1. If each of W128 and A195 carries a label point 7 Å out from its Cα toward its Cβ, how far apart are those two points in nm?
2. Could you tell me which of rounded, prolate or oblate describes the range 118-228, using a ≥ b ≥ c as the square roots of the eigenvalues of the alpha-carbon gyration tensor, with rounded for a/c under 1.5 and, failing that, prolate when a/b is larger than b/c and oblate otherwise?
3. Please give the length that would be gained between W87 and R67 if that part of the chain were fully extended, namely 0.36 nm times their separation in residues minus their C-alpha to C-alpha distance (nm, one decimal).
4. So how long is each side of the range 3-246 along the principal axes, counting just the alpha-carbon atoms, biggest first, in Å?
5. Report relative contact order for the chain in percent, whole number only (criteria: Cα-Cα under 8 Å, sequence separation at least 6).
6. Please return the longest range in the chain lying between exposed loop sites, taking trypsin sites (Lys or Arg not before Pro), DSSP loop only, at most 10 other beta-carbon atoms within 10 Å, and leaving the sites out.
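What follows is calculated from the coordinates using simple rules that are stated; it is not laboratory data. Predicted, not measured: the structure shown is a model, and the values here were computed from it. When we count neighbours, we look across all protein chains shown, and the Cβ atoms used for this are built from the backbone with ideal geometry, even at glycine.
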Amino acid sequence: MSDLWFFLILVTTTFLVAGFVKGVIGLGLPTVAVGLLGLVMTPGEAATLLVVPSLVTNLWQLLAGPRFGGLARRLWPMLLAICLGTWAGSGLLTHGPAGRATAALGLALALYALLGLTRLQLRVSAQWERPLSPLIGAATGLVTAATGVFVLPAVPYVQALGFDKDGLIQALGLSFTVSTLALAAGLGHDGAFDAATIVRSALAVLPALAGMGIGQWVRRRVRPTLFRTCFFAGLLALGADLMLRGL
């Protein structure tokens, strides 16, 4: 099998699975995609393939709700800090030792999986939201710059803000969109996201959207709680494997 066909099969399969997960539970595309691709390439290379499909699917998720303006006004301190943290950590993913980046990616996936399996119900009061938002954003940006995954600590924090279901999905879409743009800017600054890479990343859009469509169809027919448990258990195993590979 030629390298081109291997690449096409790898990208199609990975983003079909990642899009399916996102379609069922509303998140997980970048986490699954970078995690699976990290088994056969460096996290930096995986992150470059993630940018375009992540941006397209997250914009879809963001624009599906009616509350963009209100969410942007509420979350802007966190969103700005995500950008600053990502840019401050620029180079960690592409210029650091590959083993260290792989281990960091595995640790991030494992921690996220453990949070999902324990189902902690955190709550952040209004008086703590303003001082916490920029700190959470900066930490998320640094994790994004180091691993290519932008779920920690932003996702559990946003979940703790008390949004209803539709508001939460849109808020996560906004956070992921900003994180994706910041990651793309950082990768571009490091010379890792050029025109050829954009084309390769764009090839993943169709399987990601197809996977999302299938996942949304399945979500109406299965118990999402059972699927979430299986997803986080698999993510924990994937994270542990990546940590061992990196070490």
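1. About 5.0 nm, to one decimal.
2. On the way: a/c = 2.57, a/b = 1.14, b/c = 2.26.
Verdict is oblate for the range 118-228.
3. Numbers: separation 20, 0.36 × 20 = 7.20 nm, distance 2.76 nm.
Fully extending the segment from W87 to R67 adds 4.4 nm.
4. Each principal axis gives a Cα extent; for the range 3-246 these are 52, 43, 33 Å.
5. Values: 408 pairs, mean separation 98.2, N = 247.
Taking the mean separation of contacting Cα pairs over the length of the chain, I get 40 percent.
6. Details: sites that count: R119, R123, R220, R221.
Result for the longest clean stretch: 1-118.
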